[in-house]
Amino acid sequence: TSPFAPRHLLSIENLSSAELTTLVRNAYQHKQAIKSGSVPKTLLGALSGKTVAMTFNKRSTRTRISTEGAVVTLGGHPMFLSKDDIQLGVNESLYDTAVVVSSMVSAWFARVGPHSDVADLAKNSTVPVINALSDASHPLQTIADFLTIREAFQSSRTTERSPTPGLGLEGLKIAWVGDANNVLYDLAIGAGKLGVDLAVATPKDYEIPSEMRDIIQKSGTDARIQGKLMETNVPEEAVKDADILVTDTWVSMGQESEKEKRLKAFSGFQITPALAERGGAKPGWKFMHCLPRHPEEVSDDVFYNPSRSLVFTEAENRLWSAIAVLEGFVVNKGKII
Ligand code: CP
Ligand code: NVA
């Protein structure tokens with residue numbers, strides 16, 4: 001790669017522990033500032049006169065709205081292009097599309113099916129490519145998730161135990177109960193980097209693929225705070241002593257034909273108050289979900305319980321995270337400071 005090659009965000013793996021911490025911190029600070037009425041000077045008009053492409057091959061509510069909003073907050077022009085609008089991968093090669101699109105915009109958010117598609121776009125793009133969801137990764141979601149966790153747990157924790165100034169999340173435990181999917185993988189890599197322990201319960205045959213497990217277990221760039229990964233096929237085991245219970249749909253976009261089989265395989269994996277009780281989650285446990293949510297993976301009395309569920313703050317935090325990502329990868333050209 002040439003020294004002028006742009007820096008891309010394809011997965012949380014692309015960030016050091018310190019950079020992930022900084023992105024979450026910046027998102028937190030921008031949220032405070034903008035909600036109290038002032039866009040930080042360094043962001044005001046930072047993308048003025050610039051276009052950001054958003055090519056989405058799959059549906060989106062949160063990623064689209066947060067990204068478009070973030071570009072506008074920085075004074076830029078988001079250009080949303082669904083799969084029916086452009087030639088991407090249908091009538092034109094990914095290579096040709098990558099060269100052409102990147103010659104006319106300042107940054108590129110891409111939502112794709114196979115992760116190799118977003119990797120190929122990045123390889124041939126002259127501007128930063130941000131993964132807006134692939135079948136392997138959802139980095140924008142992970143940054144918002146750690147912002148949400150930081151906000152929910154900051155008052156009860158100190159940063160003293162961290163060797164580098166961190167978010168103070170070391171030693172928290174997340175329990176993921178459900179499908180091993182794109183959202184889990186980046187959350188797990190991020191947890192590893194931030195010293196957060198993670199227990200994953202999936203049905204048999206739906207476990208984390210072994211290459212991904214290796215990446216997760218080596219994800220910390222500071223070995224002193226590498227979070228631990230535990231895996232099981234028993235939801236109660238994962239939930240034990242957890243601070244946060246997390247899940248996602250059992251049928252991701254693109255898996256619709258497997259729906260019946262999956263619903264059967266995942267029976268018994270719904271997050272409910274009874275599961276948390278049986279498994280012995282911490283008394284003040286919280287619930288998270290990237291959304292969109294379906295009732296099979298979590299009961300209403302968890303999902304809509306205002307003292308447990310962080311889901312709507314988590315969704316809003318997508319906006320603040322998108323602003324921090326634009327700042328780091330586009331305005332500051334990949335310097336996360
Ligand atoms: N969580 C998330 O990415 O939602 P959308 O698919 O609606 O963007
Ligand atoms: N795992 C889900 C996440 C949607 C935001 C999917 O890929 O469809």
Which number do you get for Rg(Cα) / (2.2 N^0.38 Å) in the chain?
-> 0.96
Which of the pairs K259/K286; K204/K259; K218/K240; K41/K333; K173/K240; K35/K193 have their Cα atoms more than 21 Å apart in this structure?
-> K259/K286; K218/K240; K35/K193
How far is helix 17-35 tilted, in degrees, relative to the longest principal axis of the Cα atoms in the chain, given as a value from 0 to 90 rounded to the nearest 10?
-> 80 degrees
Rounded to 10°, Cα long-axis angle of helix 62-73 versus longest principal axis of the chain = 40 degrees
Work out, step by step, the length gained on full extension between E260 and S116: first 0.36 nm times the residue separation, then minus their alpha carbon distance; give nm to one decimal.
-> 49.1 nm
Calculated FRET efficiency for the pair Y304/Y206, C-beta based, R₀ 25 Å, to 0.05 = 0.40
Segment 282-337 - accessible surface per residue (Å², probe 1.4 Å) = 41 Å²
Relative to the first principal axis of the alpha-carbon coordinates of the chain, what is the inclination of helix 115-124, with its axis defined by its Cα atoms, in degrees from 0 to 90 and to the nearest 10?
-> 30 degrees
Provide the FRET efficiency to the nearest 0.05 for the T221-K41 pair, computing r from the beta carbons and using R0 = 35 Å.
-> 0.70
Applied in sequence order to segment 324-334, the curve 6.51 cos²θ - 1.76 cosθ + 1.60 (Karplus, θ = phi - 60°) yields integer Hz couplings, x standing for Gly and Pro, of 5, 5, 4, 4, x, 8, 10, 4, 9, 6, x
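The values are calculated or read from the model by the stated rules, or taken from the named source; none is laboratory data. What you are looking at is a predicted structure, and each value in this text was computed from that prediction instead of being measured. Every residue, glycine as well, gets a Cβ built from its backbone with ideal geometry; the counts of neighbours run over all protein chains shown. When the accessible area is computed, the model is the full protein with side chains, heavy atoms only, and any ligands, DNA or RNA have been set aside. Shrake-Rupley method; radii C 1.70, N 1.55, O 1.52, S 1.80 Å.
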